[in-house]
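Single-structure report; data block below.
The values are calculated or read from the model by the stated rules, or taken from the named source; none is laboratory data. Values in this document were obtained by computation on a predicted structure and should not be read as measured data. Here the Cβ positions follow ideal geometry from the backbone for every residue, glycine too, while neighbour counts run over all protein chains shown. Ligands, DNA and RNA are stripped out before the accessible areas are found, and what is left, the full protein with its side chains, is counted by its heavy atoms. Shrake-Rupley method; radii C 1.70, N 1.55, O 1.52, S 1.80 Å.
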Amino acid sequence: MKEYIGNGWKKLLQLNSLDSFDSIWELEAGWFEEPNQRRGGWSGVSRISLLTECGDSVGVFLKRQENHNTKVWNSPLKGIPTFYKEFKNILQFVERDIPTVEPVYFSYRYKAGKSQAILMTKELEGFEPLSSKIYERNSALMQDRVKCEQMMEAVAGGVRKMHDFRFQHNCLYDKHIFVRLVRNSWEVKFIDLEKLSRCFFQKQAVMRDFYTLTRHVTGWRRSDRVKFLKIYMQEEKLSPKSKSIWREIHNKMKAKNKF
């Protein structure tokens, strides 16, 4: 496919001699995360700094993969690079103003019988995932109930907007939700959109994503989880419909011995 370069990034990539697939693919950079060896290939992430004309630096995450494909309906045998699916989902979020990472560069190719893909995104500077220690139950931030509730409102608003477009994240772990406090306002970003899908009914997305988040979030008490559902549903008190959703989630959690 044709290369994608985000708005305002072409000159900066050229300045850093990273203006071609080969130059990016062959760049020597340490692994931010150890490569995944699966699907018959590998996939890894590096963090690099791009130097600007002024001598400043901009952090970006560089993801590269080889023979790391996922099967789709129109390519059930060969499949497509998983980064291609993630990239398209990022663009869908950007087009709908759903908070996510900023795409810098994407392309993939087939070389010597192997599929190779590159996805580069801007670093979420100042953001921390909900799985961070600063959001653990006994942290100073979580003890500040006003800030805690404001954060929940920001996250719930982002999730609600995602679901309003009938997007189902499918991996809505706390480590995939990044937040940042700027003065008295919280900003939210959703990452890892590889398994994002569209659903026919919003409840389907609510059940799947809320169950995942409720099961894995570490910094919230049970009362916080109920509060988050109220904020998402924009209800002072859970309606019968919302209570039904909570009971389903609660029962699944009990079955997993998480409550």
message = Just to be sure I understand, how many residues within the stretch 150-170 are open to solvent by 70 Å² or more (accessible area, probe 1.4 Å) and more than 16 Å from Pro99 (Cβ to Cβ)?
response = 1
query = In the stretch 140-154, how many residues are within 19 Å of Thr214 (Cβ to Cβ), out of contact with any helix residue (DSSP H, G or I) (no Cβ under 6 Å at 6 or more places or on another chain) and not small (Gly, Ala, Ser)?
reply = 2
query = Of the conditions (1) in contact with a Ser or Thr (Cβ under 8 Å, 6 or more places away or on another chain); (2) closer than 22 Å to Leu229 by Cα, Val188 fails just one. Which one is it?
reply = (1)
query = Pick from Lys88, Lys133, Lys175: which is basic (Lys, Arg) and within 12 Å of the chain's Cα centre (by Cα)?
reply = Lys175
remark   = Across the stretch 6-25, the tally of residues that are in contact with a helix residue (DSSP H, G or I) (Cβ under 7 Å, 6 or more places away or on another chain) and open to solvent by less than 60 Å² (accessible area, probe 1.4 Å) stands at 1
Search result, residues across the stretch 217-249 that are closer than 28 Å to Glu128 by Cβ, without any contact (Cβ under 8 Å) to a residue 60 or more places away in the chain and open to solvent by less than 90 Å² (accessible area, probe 1.4 Å) = Ser223, Arg225, Val226, Leu229, Lys230, Met233, Trp246, Ile249
note = Among residues of the stretch 29-52 being hydroxyl-bearing (Ser, Thr, Tyr) and at pLDDT 95 or above, the residue least open to solvent (accessible area, probe 1.4 Å) is Ser46
ask   = Looking at the stretch 145-158, which of its residues are of a type in the set (Gly, Ala, Ser) and modelled with pLDDT under 90?
value = none
request  = Output the number of residues of the stretch 188-205 satisfying the condition of being surrounded by 16 or more Cβ atoms within 10 Å (Cβ to Cβ) and free of Cβ contacts under 8 Å to residues at least 40 places away in the same chain.
outcome  = 1
request  = Scan the strands (runs of 3 or more DSSP E) fully inside the stretch 65-144 and keep the ones with 1 or more residues being buried (at least 21 other Cβ atoms within 10 Å of the Cβ) and at pLDDT 95 or above.
outcome  = 103-111, 114-122
key: Residue, most open to solvent (accessible area, probe 1.4 Å), within the stretch 206-216, restricted to residues that are of a type in the set (D, E, K, R) and modelled with pLDDT of 90 or more   = Arg208
